[in-house]
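Worksheet for the structure shown next.
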Amino acid sequence: MIATTRLTPGIAFCVLLAGCVALPPPTTPLEIQSVQTREYEESRQVVFASVMSVFQDLGYIVNSADLATGFITTEGLARGETDILDWLFNVSQVSQTRATAFIEEVNDKTRIRLNFVETWQESRDQGQSTRRDRPILDAEVYENAFDRIENAIFVRSS
């Protein structure tokens, strides 16, 4: 009985504390776009080549790139993940990051919009497979990419 009496205030405190935790507001499309987009005063050709170079520097494989449309698609190296249960049930899991870039001229500037997505694919020995995609919305990922792009633009325009 004594143990129950001691636990009750602790449980009540945890419930009260959990009720006070505020969840972050959902990210709006405009906020996502502002994280994923930058404008530069260099030509579209210089910016396009810089983005291509940075994707390759980051370890991405370029699947397609078209200067006329300004669209680049890439994928990172696949990483396999296996634990004991996957091995026992003959399941394989692969995760991969994919990235796209859209480069366009707007007035006298060149605009880049990047998009990073993490993909998980699971396959079973009976031929079943599932895939999950999750957009990467971490601002640091985009800041890192844009910092590298700015450096590449600087080198190309010097």
Sequence order, segment 144-158: Karplus ³J(HN,Hα) from phi using 6.51 cos²θ - 1.76 cosθ + 1.60, θ = phi - 60°, Hz rounded, Gly and Pro as x, gives 4, 5, 5, 4, 5, 5, 4, 5, 5, 4, 4, 5, 6, 8, 6
If R0 is 35 Å, what FRET efficiency do you get for Asn63 and Phe154 from their C-beta distance, rounded to 0.05? 0.85
Bin all alpha-carbon pair distances of segment 90-158 at 5 Å intervals from 0 and give each bin's fraction as a whole percent. 3, 13, 16, 18, 14, 11, 8, 7, 5, 3, 1, 0
Each residue of segment 32-41 in turn: what ³J(HN,Hα) in whole Hz from Karplus with 6.51, -1.76, 1.60 and θ = phi - 60°, glycine and Pro shown as x? 4, 4, 5, 6, 8, 10, 9, 10, 9, 9
Step through the residues of segment 107-116 one at a time and calculate ³J(HN,Hα) from phi using the Karplus curve (6.51 cos²θ - 1.76 cosθ + 1.60, θ = phi - 60°), rounding each to whole Hz and writing x for Gly and Pro. 6, 9, 10, 10, 9, 10, 10, 9, 9, 10
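The numbers here are math on the coordinates, done by the rules we state, and not lab data. From a predicted model like this one, the values you see are computed outputs, not experimental measurements. Using ideal geometry, Cβ is built from the backbone for each residue, glycine included, and neighbour counts are taken over all protein chains shown.
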